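Chemist: Attaching a single structure in structure tokens format; questions to follow.
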Amino acid sequence: MQPRRQFLLAGGAGLATLALLPLRSLYAAPAAASRPVTAYEVTHTEAEWRKLLTPDQFEVLRHSATERPFTSPFNNEHRAGRFACAGCRLEVFSSRTKFDSGTGWPSFWAPLERSVTASSDNSFGMLRSAISCRRCGGHLGHVFDDGPKPTGLRYCMNGIAMTFTPGAA
């Protein structure tokens, strides 16, 4: 019985340690998820991006990290309005397409026209489609094919990678 208790205590301590690690350490994507080199309308040096963004926004938008689930205030944002890229302020989603996916991240069934791009992401041993801002290349999240009608898609976005402006959707 003693070895089992030690195993459970060690496992619990390990999980508690992981929960306390900074966003960068726990959810940083490996190099395999890096975006191809592309010329974007909005560009900055790494130092400039660091000045423009919070440390967590920088890790998500520029290094494809993922915020912890259920931490975004946008999960409970139900007002009419537009969500924009936190890096360049390009509007990327309308509140009209937002839905509660139960996943812990703000989810949408469609982006605004010509606002995002998709690329292959084979990090973490799975093939996914990473979604980035068309204008600055900032990583926003991923898209999956388990969403609601009419598209059947679930754009699972990092709330920290976006801003919200209430008003007309």
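Chemist: Quick one: Cα convex hull volume of the stretch 63-169, Å³ per residue?
Modeler: Looking at the stretch 63-169, the number lands at 96 Å³ per residue.
Chemist: In addition: Just add up the charged neighbours of TRP109: K/R +1, D/E -1, any other residue whose Cβ is under 9 Å from the Cβ of TRP109.
Modeler: Taking every other residue near TRP109 into account, the sum is +3.
Chemist: Oh, and also: Cut-off is 10 Å between beta-carbons; in what order do MET157, MET126 appear when sorted fewest neighbours first?
Modeler: MET126, MET157
Chemist: Further question: Only counting other Cβ atoms within 10 Å, I'd like TRP109, TRP49 sorted with the fewest neighbours first.
Modeler: With the sparsest Cβ surroundings first, the list reads TRP49, TRP109.
Chemist: What's the ranking of 54-60, 42-48, 142-148 by average number of surrounding C-beta atoms within 10 Å, highest first?
Modeler: 54-60, 142-148, 42-48
Chemist: On to the next question. Taking neighbour Cβ counts within 10 Å as the exposure measure, how do SER95, SER119, SER132 sort from fewest upward?
Modeler: SER119, SER95, SER132
Chemist: Calculate, in nm to one decimal, what ALA47 and ASP100 gain on full extension: separation in residues at 0.36 nm each, minus their alpha carbon distance.
Modeler: Extra length available between ALA47 and ASP100 comes to 15.5 nm.
Values quoted throughout were computed directly from the atomic coordinates according to the rules given, and no laboratory measurement underlies them. These figures come from a predicted structure and were not determined experimentally. Note that we place each Cβ from the backbone using ideal geometry, even for glycine, and neighbour counts take in every protein chain shown.
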